[in-house]
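Derivation of every value follows stated rules applied to the coordinates shown; laboratory data play no part. Note that this is a predicted model, so its numbers are computed, not measured. Please note: Cβ atoms are built from the backbone with ideal geometry, for glycine as well, and neighbour counts cover all protein chains shown.
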Amino acid sequence: MLSKDQTLGKYQILDRLGSGGFGSVYLALDTWVNRKVAIKVPHQQEEEVVEMLKEPRIMSELKNLNIAEMITAERTNGIFFMVLEYIEGESLDKMIRRDKKLLPGLALDLAIGITSGVAFAHSKKVLHRDIRPANILITKDGIAKVTDFGTSRILALTPAMTRVGSPPYMAPEHFRGLATFQSDVWSLGITFYEMLTGTVPYYDPDPLKIAQSIDEQRIISPHLKVIGVPKLFSEIIMKCLRINLGERFASTEKLLGALRSVKEGDTEGPNHPTLNTLSRTLSGDPNPKNPLTGKVCAFCYTPLARMSTVCPKCGERN
């Protein structure tokens, strides 16, 4: 742990900003250029440099208004650390806890910014895997910045076989060790749900009970819990939270288009479902079975033929 006024190369530690499972973050001053920066120091310093460079190498490719900027990575006096853009503001988590819930207009603006950042990461084949309010910073100008890519990975054609993440925000397939870009869509949906209602739809100290609740309990739509939430915004969030991957938004770009259409008051945009289509989709069974066999894929819930052993959609063996 670093202390106030300690120096790390050209960086003077000013304060400790926080700590998580993977590292601690400090406010520091770059004394050469007189600029405040954030320094992230991983807990596991004994790892190989190549392993510790994974996060900064991923983040160095993500130059976007809605993603915290990676400046550089260094090793000084045996301590490996990352130097990041210092964002003056607060986390979305603190904002929600302070205000209990956000006004729909503010929530929509932030949702568009957050989704824009995640969509850009996805365009670079980067899966975040830990999207939640604590990993989103809001600047004094109201710009949302996605942070903490410590659990992210490059996703090519195959899903990430992992359970890394924060259980209340994890998609059902993520609990089974299968994370895809649509798993980030689910996490965004949970985050937006919490922004509007002040709570996550599923919570328990035991992650297994959360996974069980997802399968057994229906989510109450935000517009039915909070007066004033636009129905279309609520339906978009609920579409993010469909168990069946075939019914969830196929990509963050599709989700972003739908959110922007709400902002613009246009429900007939070319890149997203119309209001009527969304309503029809959400009124269906969120966990459909093949009407003839009652069998579904255990990973993506696609209806399966009676003798099927491999899902035609996700390729998993059942």
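Our coupling estimate for segment 8-14, obtained by passing each phi through the Karplus curve with A = 6.51, B = -1.76, C = 1.60 and θ = phi - 60°, is 10, x, 8, 9, 9, 6, 9 Hz, Gly and Pro reported as x.
With a sphere of radius 11 Å drawn around the Cβ of Ile138, what net charge do the other residues whose Cβ falls strictly inside it have (Lys, Arg +1; Asp, Glu -1)? Write out the running numbers ahead of the final one.
Numbers: positive: Lys94, Lys140, Lys145; negative: Glu88, Glu90, Asp93, Asp109, Asp141.
Charge balance near Ile138 sits at -2.
A cut-off of 5 Å between modelled amide H atoms, ignoring neighbours fewer than 5 places along the same chain, links Leu53 with no other residue.
Annotation: amide H of Ile67 within the under-5 Å range of Val146, sequence separation 5 or more or interchain, hydrogens built in the peptide plane. Annotation: amide H of Ala73 within the under-5 Å range of Val83, sequence separation 5 or more or interchain, hydrogens built in the peptide plane. With Rh defined as the Kirkwood radius, the inverse of the mean 1/r over Cα pairs, the Rg/Rh of segment 9-152 is 0.97. Ranked for footprinting exposure by Cβ neighbours inside 10 Å, fewest first, Cys311, Cys240 give Cys311, Cys240. Our coupling estimate for segment 220-226, obtained by passing each phi through the Karplus curve with A = 6.51, B = -1.76, C = 1.60 and θ = phi - 60°, is 7, 4, x, 5, 8, 9, 10 Hz, Gly and Pro reported as x. For the pair Leu65 and Val49, the difference between a 0.36 nm per residue extended length and the Cα-Cα distance amounts to 2.9 nm.
So if each residue of separation counts as 0.36 nm, and I subtract the Cα-Cα distance between Asp5 and Leu224, what length gain in nm does that give? Display every interim value, and only then the final one.
On the way: separation 219, 0.36 × 219 = 78.84 nm, distance 5.09 nm.
Value of the extension gain: 73.8 nm.
From least to most packed, judged by other beta carbons within 10 angstrom and beginning with the fewest, His128, His43, His122 follow the order His43, His122, His128.
Ranked for footprinting exposure by Cβ neighbours inside 10 Å, fewest first, Ser3, Ser187 give Ser3, Ser187.
Give a quick list of GluC sites (Glu not before Pro) in segment 74-157 that DSSP marks as loop, anything other than H, G, I, E or B, with at most 11 other Cβ atoms within 10 Å. Kindly include the intermediate steps, with their values, before the conclusion.
Working: sites: Glu74, Glu85, Glu88, Glu90; in loops: Glu88.
Answer by residue number: Glu88.
Residue by residue, segment 117-126 carries 3J(HN,Hα) couplings of x, 5, 4, 5, 4, 4, 5, 9, 6, 9 Hz when phi is fed to the Karplus relation 6.51 cos²θ - 1.76 cosθ + 1.60 (θ = phi - 60°); x denotes Gly or Pro.
Taking a sphere under 14 Å around the Cβ of Lys225 and counting the other residues whose Cβ falls inside, with K and R at +1 and D and E at -1, yields a net charge of +2.
Number of Lys-Lys pairs in segment 7-85 under 17 Å by Cα, sequence gap 8 or more or different chains? Could the numbers behind the result be given before it?
Details: Lys10/Lys36; Lys10/Lys40; Lys40/Lys54; Lys54/Lys63.
Lysine pairs, 8 or more places apart or on different chains, close enough: 4.
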